[in-house]
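**Student:** Sharing a structure below in structure tokens format, with a few things to ask.
Every number here is computed from the coordinates shown, using simple stated rules; none is lab data. No experiment lies behind these values; they were computed from the predicted model shown. In this analysis, Cβ positions are derived from the backbone assuming ideal geometry, glycine residues included, and neighbour counts consider all displayed protein chains.
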């Protein structure tokens, strides 16, 4: 280990005049050293604080971004579910229409509409007399069939409306069979039409009430009727 040479000025007796110190500046003690150390420590502390603040801000931004991505994903899933419900309803309606065939092939002898309260599927007793009269008339028609189609307003989800329309049609069919004496072989399978064929605007309570219905018709094949 090399020892620094003593300052030449230190070897000269203190007689009033002293030779300038020839030590390199870096080896001389500085009265500003404590301040410089404090400043350096302050800079280091400030750097640490700034880094921590930046890290916290970055973490908050990442959490917010993740939340937004989750919301977008949920919205997309909901839209996909709604689209699937609509497609399912359309497919069900198309299947019913295919099964029933074109009304142009039949003569319509009578028709009754049964209305329902919002979200309800039970047949109101006020329609019993009309349904019984339709059953009695049907039995006078040669080769008759009774068509039953249930509908719903467009309020609510497509899946719910499809279910409501089916249950309404099924309950009317049950009444025709049990109370009207119509054999099931003369009743076309009840059709769940969902929100198709709306007869009134759904933006009013009155229009919604008209759309919540079951349509019952007495049909006779034109071939049997000879027309």
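**Student:** What's the FRET efficiency of residue 198 with residue 140 using the Cβ-Cβ distance as r and R₀ = 30 Å, to the nearest 0.05?
**Tutor:** 0.35
**Student:** What distance in nm separates the simple spin-label points at residue 38 and residue 111, each placed 7 Å from Cα in the Cβ direction?
**Tutor:** Result for the modelled spin labels: 9.8 nm.
**Student:** Let me ask something else about it. Give the calculated FRET efficiency between residue 157 and residue 65 to the nearest 0.05, with a Förster radius of 45 Å applied to their Cβ-Cβ distance.
**Tutor:** FRET efficiency, residue 157 to residue 65: 0.90.
**Student:** In nm, to one decimal, how far is the residue 50 label point from the residue 206 one, both placed 7 Å along Cα→Cβ?
**Tutor:** In this crude label model, residue 50 to residue 206 measures out at 7.3 nm.
**Student:** When every alpha-carbon pair in segment 98-225 is counted, what percent end up more than 20 Å apart?
**Tutor:** Tail of the P(r) past 20 Å holds 42 percent of the pairs.
**Student:** Now for a separate question. Using 0.36 nm per residue of separation minus the Cα-Cα distance, give me the extension gain between residue 189 and residue 80 in nm, one decimal.
**Tutor:** 36.2 nm
**Student:** Below 8 Å between Cα atoms, with a sequence gap of 6+, how large is the relative contact order for segment 98-225 in percent?
**Tutor:** This gives 41 percent for segment 98-225.
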